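*Asks:* One structure, pasted below without further comment.
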Amino acid sequence: MSTSESSAVFAQNLFNLSGKVAIITGASKGIGEGIARIYAAFGAQVVLSSRKQEDLDALADEMQQQGADVAAIAAHTGDMNALKNLVEKTIERFGGIDILVNNAATNPVFGPSIDCPESAFDKIMQVNVKAPFELAKLCYPHMKLRGGGNVLNISSIAALTPDPGLGMYSVSKAALNMLTKVLAKEWGADGIRVNAICPGLIKTKFSEALWNNEQVLARFTKHLPIARMGTVDEIAGLALFLVSTASGYCTGGIYTADGGTTI
Ligand SMILES: NC(=O)c1ccc[n+]([C@@H]2O[C@H](COP(=O)([O-])OP(=O)(O)OC[C@H]3O[C@@H](n4cnc5c(N)ncnc54)[C@H](OP(=O)(O)O)[C@@H]3O)[C@@H](O)[C@H]2O)c1
């Protein structure tokens, strides 16, 4: 093998996920789907999870036809029994867990925080903070058995600067960032890395209210250094890096991918 061939192989191996099993919550669409597709393309066995089994089955069928090794296991992340079932079924199907992507999140209210009812606060905290923690705890012994692993939390730039109208969502994502750092510190010795991505405005169903009105979108993007919305693939690429060998020395990191919004 020539030097250039061997460096190409080395570079490809840096991102190779063959033999790795990844659970991705909120994988039926948007950013989670993008991450699922890129992990599968780089060789991982992927567990697609979200609330609607039929959406997951459709995506799994399509990905399998393209040669991916995937399983579709529905779970509402706010339901502890569903999370336990997700982990048990993953072990039954693939025999281990190496990667967890906590991507599912909720935002049931928009407006001043004074109007946020207790029930909405509890729901936001349950799905956006408690669920990633509980699922990470459930995956922890399995990652330890494999000699290490990766937890990747999909946070938001709302964690860094409060988003107008998204007060308690911002609070929940700030808590998720701190959870990332706490677990990174505690689990580093077990070979488990924990990182977070803070996306800016990415074109998905979740952010539709911000981009389906051209004037609102233009007001938002015109001051950005990269003056446009981001794409799912622009988050998925970073998500690949953060669970691959290429990022082996990164843990407890909070990585923005926001077109420069937070500069
Ligand atoms: N898009 C953005 O501009 C943006 C910006 C910053 C951060 N983010 C973050 O990026 C992540 C993904 O957002 P997205 O824009 O890709 O959203 P999306 O396109 O609306 O997709 C959300 C996914 O999560 C699933 N889901 C929702 N609630 C769930 C629950 N309780 N349990 C399990 N699955 C659930 C949905 O499927 P079902 O409905 O079938 O469950 C779907 O698969 C979120 O953490 C969000 O906070 C997004």
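*Asks:* For the stretch 17-143, what does the relative contact order come out to in percent, with C-alpha contacts under 8 Å and a separation of six or more?
*Replies:* Relative contact order for the stretch 17-143 comes out at 26 percent.
*Asks:* Then there's this: Return one whole number: the accessible area per residue of the stretch 84-163 in Å², for a 1.4 Å probe.
*Replies:* Here the residues of the stretch 84-163 average 46 Å² of exposed surface.
*Asks:* On a C-alpha basis, how far is the centre of the stretch 233-263 from the centre of the stretch 25-62 in Å? Whole number, if you could?
*Replies:* If we compute the Cα centre of each part, the gap is 19 Å.
*Asks:* Still on this structure, please answer the following. Would you mind checking which residues have amide H under 5 Å from Val101's amide H? H placed 1.01 Å from N; only 5 or more apart, or other chain.
*Replies:* Counting only residues 5 or more places away or on other chains, the set is Ile23, Ile24, Thr25, Leu152.
*Asks:* Once the piece of chain linking Glu186 and Thr161 is laid out straight, how much longer is it, given 0.36 nm per residue of separation minus the C-alpha distance between them?
*Replies:* Using 0.36 nm per residue and subtracting the Cα-Cα distance, I get 6.4 nm.
*Asks:* Take the Cβ-Cβ distance between Ile91 and Ala218 as r, set R0 to 45 Å, and report the resulting FRET efficiency rounded to the nearest 0.05.
*Replies:* It comes out at approximately 0.40.
*Asks:* Out of all Cα-Cα pairs in the stretch 1-91, roughly what percent, to the nearest whole number, are more than 22 Å apart?
*Replies:* 32 percent
*Asks:* Also, quick follow-up: Using only the heavy atoms of the protein chains and a 1.4 Å probe, how would Lys84, Lys173 rank by accessible area, largest first?
*Replies:* My answer, sorted largest first, is Lys84, Lys173.
*Asks:* Using amide H atoms built in the peptide plane, which far-off residues or other-chain residues are under 5 Å from Phe15 H to H?
*Replies:* Excluding prolines and chain starts, which carry no amide H, there are no hits.
*Asks:* Treating each Cα of the chain as an identical point scatterer and ignoring solvent, apply the Debye formula and state log10 I(q)/I(0) at q = 0.08, 0.11 Å⁻¹.
*Replies:* -0.31, -0.59
*Asks:* Based on the mean of other Cβ atoms within 10 Å per residue, sort peptides 108-120, 152-164, 251-263 so the most packed one is first.
*Replies:* 152-164, 251-263, 108-120
*Asks:* Let me ask another. Could you order peptides 6-13, 189-196 by the average number of other Cβ atoms within 10 Å of their residues, highest first?
*Replies:* 189-196, 6-13
*Asks:* Report the calculated FRET efficiency for Ala11 and Asn81 (r = Cβ-Cβ distance, R0 = 35 Å), to the nearest 0.05.
*Replies:* Efficiency at R0 = 35 Å is approximately 0.25.
*Asks:* Moving on. Which residue, Leu166, Ser207, Leu152, has the largest displacement toward the positive end of the dipole of the stretch 107-249 when charges sit on each Cβ (Lys, Arg +1; Asp, Glu -1)?
*Replies:* The residue sitting most towards the positive pole is Leu152.
*Asks:* Hey, what do the phi angles of the stretch 252-263 turn into as Karplus ³J(HN,Hα) couplings, whole Hz, using 6.51/-1.76/1.60 and θ = phi - 60°, x for Gly and Pro?
*Replies:* Computed from phi, the couplings for the stretch 252-263 are x, x, 10, 9, 8, 9, 9, x, x, 3, 8, 5 Hz.
*Asks:* Grab the Cα-Cα distance for Asp233 and Ala58, subtract it from 0.36 nm times how many residues apart they are, and report the gain in nm with one decimal.
*Replies:* Value of the extension gain: 61.0 nm.
*Asks:* Still on this structure, I have one more. In the chain, carbon and sulfur make up what percent of the accessible area (probe 1.4 Å)?
*Replies:* Accessible surface attributable to carbon and sulfur in the chain totals 55 percent.
*Asks:* For Gln65 and Thr262, what is the calculated FRET efficiency with R₀ set at 45 Å and r taken between the beta-carbons, to the nearest 0.05?
*Replies:* Details: r = 39 Å, r/R0 = 0.88.
It comes to 0.70.
*Asks:* On to the next question. What residues qualify as long-range amide H neighbours of Arg51, i.e. H under 5 Å apart, gap of 5 or more or another chain, H built at 1.01 Å from N?
*Replies:* Amide H neighbours of Arg51: Ala75.
*Asks:* Short version: ³J(HN,Hα) in whole Hz for each residue of the stretch 7-19, in order, from phi by Karplus 6.51 cos²θ - 1.76 cosθ + 1.60 (θ = phi - 60°), x for Gly and Pro, what are they?
*Replies:* Once θ is set to phi - 60°, the couplings for the stretch 7-19 become 6, 5, 4, 4, 5, 5, 5, 4, 10, 6, 10, 4, x Hz.
*Asks:* With +1 on each Lys and Arg Cβ and -1 on each Asp and Glu Cβ, and nothing else charged, work out how big the dipole of the chain is about its Cα centre, in Debye to the nearest 20.
*Replies:* Computed about the Cα centre, the dipole is about 460 debye.
*Asks:* Step through the residues of the stretch 214-220 one at a time and calculate ³J(HN,Hα) from phi using the Karplus curve (6.51 cos²θ - 1.76 cosθ + 1.60, θ = phi - 60°), rounding each to whole Hz and writing x for Gly and Pro.
*Replies:* Computed from phi, the couplings for the stretch 214-220 are 4, 5, 4, 5, 4, 4, 6 Hz.
*Asks:* Cα atoms only, the stretch 119-263: Rg and Dmax in Å?
*Replies:* Final numbers for Rg and Dmax: 16.1, 52 Å.
*Asks:* Let me ask something else about it. With a 1.4 Å probe and all protein chains kept in place, how do Trp187, Trp211 rank by accessible area, largest first? Could you put the intermediate results ahead of the total?
*Replies:* Working: Trp187 20, Trp211 55 Å².
The ordering from most to least exposed comes out as Trp211, Trp187.
*Asks:* How high is the relative contact order of the chain, given as a whole-number percent (alpha carbon pairs under 8 Å, six or more residues apart)?
*Replies:* Over the chain, the number comes to 19 percent.
*Asks:* Here's a follow-up. Tell me the Kirkwood hydrodynamic radius of the stretch 165-210 in angstroms, computed as one over the mean inverse distance between distinct C-alpha pairs.
*Replies:* 12.5 Å
The values are calculated or read from the model by the stated rules, or taken from the named source; none is laboratory data. Predicted, not measured: the structure shown is a model, and the values here were computed from it. Here the Cβ is made from the backbone with ideal geometry for all residues, glycine too, and neighbour counts use every protein chain on show. Just so you know, the surface numbers come from the protein's heavy atoms only, side chains and all, with ligands and any DNA or RNA stripped out. Shrake-Rupley method; radii C 1.70, N 1.55, O 1.52, S 1.80 Å.
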